[in-house]
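Presented below is the structure to which this report refers.
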Amino acid sequence: GENVEQHPSTLSVQEGDSAVIKCTYSDSASNYFPWYKQELGKGPQLIIDIRSNVGEKKDQRIAVTLNKTAKHFSLHITETQPEDSAVYFCAASSGNTPLVFGKGTRLSVIA
Amino acid sequence: ETGVTQTPRHLVMGMTNKKSLKCEQHLGHNAMYWYKQSAKKPLELMFVYSLEERVENNSVPSRFSPECPNSSHLFLHLHTLQPEDSALYLCASSPQGAANEKLFFGSGTQLSVL
């Protein structure tokens, strides 16, 4: 089955700097890659997703890149702000099997 | 507000107790899910219901018993739990139950088993 590895487990950045979180997956049939953000006391919330027919997707300060050959995808947050502090989860699915999540990255943005 | 409401937010129970977790979604979705979230582990899918029928059961111990009376409500009945069952239990919903759909999560029930 699918296995998703996520790095780093914790990340601290200065406000205004960029943050990058990386994930690798094992199943070459996977074609859907969402990213979820979980704030303290809340459930995860989808912030961006990418499908295998594109290599990059951007939404304001957030972007995701996908390299299908290498089986890895990354989340990029630019101009970080304190409200970006949260736990971020990547996930992968082939569409026929349930989403498999990474272990999460705790991002701290230091003002 | 995600449109998915879970109660209670916190629950402490002994190993011999019986309790239930409740989830309600106001989004008109056809699929509902139970996930278990433990520290330093990936989110674990427990159960999936699509149009009130269970379509996924990931080898979850029988001390966890789900119930989906209609497409808006989902319960997780708990009995004779173990301390290792202490975790955050998250409910989610999605429009059709496809694996490549956006999931809408509730805020979870933090369960402590003593």
At 7 Å along Cα-to-Cβ for each site, give me the label-to-label distance between A:Thr97 and A:Asp17 in nm. 3.6
What's the total accessible area buried between chains B and A, using a 1.4 Å probe, rounded to the nearest 100 Å²? 1500
Residue by residue through region B:47-57, what is 3J(HN,Hα) from phi via Karplus (6.51 cos²θ - 1.76 cosθ + 1.60, θ = phi - 60°)? Round to whole Hz and write x for glycine and proline. 9, 10, 10, 10, 6, 6, 10, 6, 10, 8, 8
If amide H atoms are built 1.01 Å from N in the plane of the peptide, which residues on other chains or at least 5 residues away come under 5 Å of the amide H of B:Gly108? B:Gln6, B:Cys91
How large are Rg and Dmax for chain B when only the alpha carbon atoms are used, in Å? 13.2, 39
Mind checking the per residue accessible area of region B:1-102 for me, 1.4 Å probe, whole number of Å²? 49
Of A:Lys42/A:Lys71; A:Lys103/B:Lys22; B:Lys22/B:Lys102; A:Lys22/B:Lys19; A:Lys58/A:Lys103, pairs whose Cα-Cα distance is over 32 Å: A:Lys22/B:Lys19
Fraction of alpha-carbon pairs over 25 Å apart in chain A - percent: 16
If you count only protein heavy atoms with a 1.4 Å probe, what accessible area per residue comes out for chain A, rounded to a whole Å²? 50
Quick one: compute the contact order of chain A, relative version, from alpha carbon pairs under 8 angstrom and 6+ residues apart, as a percent. 37
Options A:Thr69, A:Val100, A:Ile110, ranked by Cα towards positive dipole end of region A:61-111, top entry (Cβ charges): A:Thr69
How charged is the neighbourhood of B:Phe64? Take every other residue with its Cβ under 13 Å from the Cβ of B:Phe64, and add Lys/Arg as +1 and Asp/Glu as -1. +1
In square angstrom, rounded to the nearest 10, how much accessible surface does B:Met15 have for a 1.4 Å probe? 80
Heavy atoms of A:Asp17 accessible to a 1.4 Å probe, total area in Å² rounded to 10: 80
Proximal charge balance of A:Ser9 [Cβ under 10 Å; K/R count +1, D/E count -1]: +3
Just the number, please: carbon plus sulfur as a percent of the accessible area of region A:57-111, 1.4 Å probe, no ligands or DNA/RNA counted. 48
For B:Lys18, list the aspartates and glutamates whose Cα falls under 18 Å from its own Cα; do not include residues on the same chain fewer than 8 positions away. B:Glu67, B:Glu84, B:Asp85
Can you give me the % of accessible surface on chain B that is carbon or sulfur? Probe 1.4 Å, all protein chains present, nothing else counted. 49
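The values are calculated or read from the model by the stated rules, or taken from the named source; none is laboratory data. Model, not experiment: these values are computed from the prediction. Please note: Cβ atoms are built from the backbone with ideal geometry, for glycine as well, and neighbour counts cover all protein chains shown. SASA here: full protein model, heavy atoms, side chains in, ligands and nucleic acids out. Shrake-Rupley method; radii C 1.70, N 1.55, O 1.52, S 1.80 Å.
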